Amino acid sequence: MTVKKVFGRPESLCDVPTLYCGGCGHGVAHRLTAEAIDHFGVRSRAVGIAPAGCSVLLYKYFDVDTIESAHGRALAVGTGMKRANPDLFVFSYQGDGDLASIGMCETIHTANRGESITAIFINNAVYGMTGGQMAPTTLPGQRTTTTPAGRCVEREGAPIKMAEMMATFDGVAYSERVALYDPRQIRRARKAVFRAFEAQLNNCGLGFVEILAPCVTNLKMTPDKAQQWVVEELCATFPLGVYKDALPKETNESKPVPAAPERAGATAECGSVAHAD
Ligand SMILES: Cc1ncc(C[n+]2csc(CCOP(=O)(O)OP(=O)(O)O)c2C)c(N)n1
Ligand code: SF4
Ligand SMILES: [Mg+2]
């Protein structure tokens, strides 16, 4: 009998245990990113930009070149990497404390410049690594170690909606918010990550994917309760969906685009998106 392998570890993911808590979304988000790297055949020229946060050890998990950035600066580092080496495939991976708080300046200016980078953003509504402090994405009324009585909108402001905000920049080619709470949502998240890869491969500008995932440990919930919290609370404040897709229509997952160097002139197809070159 011939046994056909239908499921396995992506080549771009190392065969090592991660340090993530059971039920954390980082592992699934890593896998989806690695699947996209494999699918588009960019592993040999991929560079991952790691944040400060629970995913700081990204270099241990991805079998691609990686560079560590100072807290919040992943997209600034990615900009330098891509501009100096336009043939590289550059992806950043950041949490909400990193991308939307200390790194907000770098984030919005990278979006505004239309850098052709792929940005993976994990919104778990807290600073996970440092003990569950309030993030810009913490929900109104949510108790954290720095908002023990619950986030007060009058005092701390409202949650920042990154996917919506990123969609307003001419330099952003793709912006979508997805979640990981069931297999259907994971498949949608996979498609979104692939689309954000295509934005870079078509040299269209920034591809941005916001992934809602629970920080089970700081929520002090079991993984199943935490997923329920994502459905009932997190998705209510952060609606899922595509907020911008300015890629050429004929580009899709089933039709992989060739690597950027082979696509001279591809930028002319990219709708209203501004280009750094
Ligand atoms: C300049 C600087 N300030 C503060 C810190 C401490 N610090 C490390 S990770 C982090 C927040 C991480 O939260 P987030 O980006 O949401 O990632 P998560 O752990 O939730 O995935 C902070 C404040 C640091 N490393 N560097
Ligand atoms: S502390 Fe939270 S974000 Fe960090 S690994 Fe654990 S569940 Fe994930
Ligand atoms: Mg976080």
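The values are calculated or read from the model by the stated rules, or taken from the named source; none is laboratory data. Since the structure is predicted, the reported quantities are computational estimates derived from the model, not experimental observations. Counting neighbours? That spans all protein chains shown, and the Cβs are built from the backbone with ideal geometry, glycine included.
At a glance:
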| quantity | calculated |
| --- | --- |
| Residue satisfying condition, being aliphatic (A, V, I, L, M) and within 16 Å of ligand 3 (Cβ to nearest atom), within set 46, 70, 34, 74 | 74 |
| Some residue of region 118-129 being assigned to a helix (DSSP H, G or I) and surrounded by fewer than 20 Cβ atoms within 10 Å (Cβ to Cβ) | no |
| Matching entry among 36, 29 (being more than 14 Å from ligand 2 (Cβ to nearest atom), within 21 Å of residue 189 (Cα to Cα), at pLDDT 95 or above and surrounded by 19 or more Cβ atoms within 10 Å (Cβ to Cβ)) | 36 |
| Residue satisfying condition, being farther than 17 Å from residue 192 by Cβ, away from ligand 3 (no atom under 16 Å from the Cβ) and of a type in the set (A, V, I, L, M, F, W, C), within set 126, 56, 64 | 64 |
| Any chance residue 138 is buried (at least 19 other Cβ atoms within 10 Å of the Cβ), within 14 Å of ligand 2 (Cβ to nearest atom) and farther than 26 Å from residue 60 by Cβ | yes |
| Residue, nearest to residue 114 (Cα to Cα), within region 137-151, restricted to residues that are touching a residue at least 12 places away in the same chain (Cβ under 8 Å) and in a loop (DSSP other than H, G, I, E, B) | 137 |
| First in region 122-135 and polar (S, T, N, Q), second anywhere and surrounded by fewer than 24 Cβ atoms within 10 Å (Cβ to Cβ), Cβ under 6 Å, 6 or more apart | 133/144; 133/145; 133/146 |
| Among the candidates 242, 257, residue that is within 22 Å of residue 202 (Cβ to Cβ), modelled with pLDDT under 50, out of contact with any Pro (no Cβ under 8 Å at 6 or more places or on another chain) and surrounded by 14 or more Cβ atoms within 10 Å (Cβ to Cβ) | 257 |
| Residue match in region 109-123 (condition: under 16 Å from the mean Cα position of the chain (by Cα), at positive phi and either of a type in the set (S, T, N, Q) or within 13 Å of ligand 3 (Cβ to nearest atom) (or both)) | no |
| Unique residue being charged (D, E, K, R) and either within 13 Å of ligand 1 (Cβ to nearest atom) or part of a strand (DSSP E or B) (or both) when the list is 115, 106 | 106 |
| Of the criteria (1) farther than 18 Å from residue 230 by Cα; (2) surrounded by 18 or more Cβ atoms within 10 Å (Cβ to Cβ), which one residue 162 fails | (1) |
| Single match in 8, 23 (criterion: small (Gly, Ala, Ser), more than 16 Å from ligand 3 (Cβ to nearest atom) and over 16 Å from residue 197 (Cα atoms)) | 8 |
| Tally, over region 1-18, of residues that are surrounded by fewer than 14 Cβ atoms within 10 Å (Cβ to Cβ) and within 16 Å of ligand 2 (Cβ to nearest atom) | 2 |
